[in-house]
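Peer 1: Below is the structure I would like to discuss, written out as structure tokens.
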Amino acid sequence: MSKIAKHDVDRLISRAVAVRDQAYAPHSHFYVGAAILVSSGEIVAGCNVENASYGLSICAERAAACAAVSASFHSWSAIAVASVGGVTPCGACRQFLIEFGSDVTILLVDVIDGGCREVKLADLLPDAFDATKIPKHP
């Protein structure tokens, strides 16, 4: 299990589930909420925002990540993702999130049965492309 305190896990899950209600998903009707626990203990959240041109849609995980960065938070402990079925982040979100650390704990919350599965971001995206793969130029 994670090193995240139980009360922080509970707060994080609660926030992800709550922000899911704000999702804009008129096309897929697949509502997702994400909440990020930053190093200061604050929680920043986001929800998915769809567009008729699906490629322009924003996933909840990336919405939460952008909100965290906009608030000057670049160090994260955990992310809770709330959806029907407790699905994992998509490939684009995995790559986006890895920018902020591969050791981040991901809590996958099923809003139907309340189940929660814990994984590490590095396990969802092994051998990730990150800053260590970018050649340094003199």
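Peer 1: Quick one: count up the residues across the stretch 26-40 that are among the small types (G, A, S), at pLDDT 95 or above and either within 17 Å of I79 (Cβ to Cβ) or touching a Cys at 6+ places or on another chain (Cβ under 8 Å) (or both).
Peer 2: 3
Peer 1: Further question: For the stretch 63-101, how many residues are within 10 Å of the chain's Cα centre (by Cα), among the small types (G, A, S) and part of a strand (DSSP E or B)?
Peer 2: Summing the residues that are within 10 Å of the chain's Cα centre (by Cα), among the small types (G, A, S) and part of a strand (DSSP E or B) in the stretch 63-101 gives 3.
Peer 1: Here is a list: A52, A68. Which entry is without any contact (Cβ under 8 Å) to a residue 60 or more places away in the chain and either touching a Phe, Trp or Tyr at 6+ places or on another chain (Cβ under 9 Å) or not hydrophobic (A, V, I, L, M, F, W, C) (or both)?
Peer 2: Answer to the check: A68.
Peer 1: If you take the residues in the stretch 73-123 that are of a type in the set (K, R) and under 19 Å from A5 (Cα atoms), which one is most open to solvent (accessible area, probe 1.4 Å)?
Peer 2: R117
Peer 1: Quick one: would you say A5 is among the small types (G, A, S), surrounded by 21 or more Cβ atoms within 10 Å (Cβ to Cβ) and at negative phi?
Peer 2: No; evaluated as a whole, the condition is false for this residue.
Peer 1: Something else: Taking the stretch 19-62 on its own, how many of its residues are open to solvent by less than 50 Å² (accessible area, probe 1.4 Å), in a helix (DSSP H, G or I) and aliphatic (A, V, I, L, M)?
Peer 2: Of the residues in that region, 2 qualify.
The values are calculated or read from the model by the stated rules, or taken from the named source; none is laboratory data. Every value quoted in this text rests on a predicted model; they were computed, and no experiment measured them. All Cβ positions, even for glycine, are placed from backbone atoms using ideal geometry, and neighbour counts span all protein chains on display. With ligands, DNA and RNA removed, areas are computed over all heavy atoms of the protein, side chains included. Shrake-Rupley method; radii C 1.70, N 1.55, O 1.52, S 1.80 Å.
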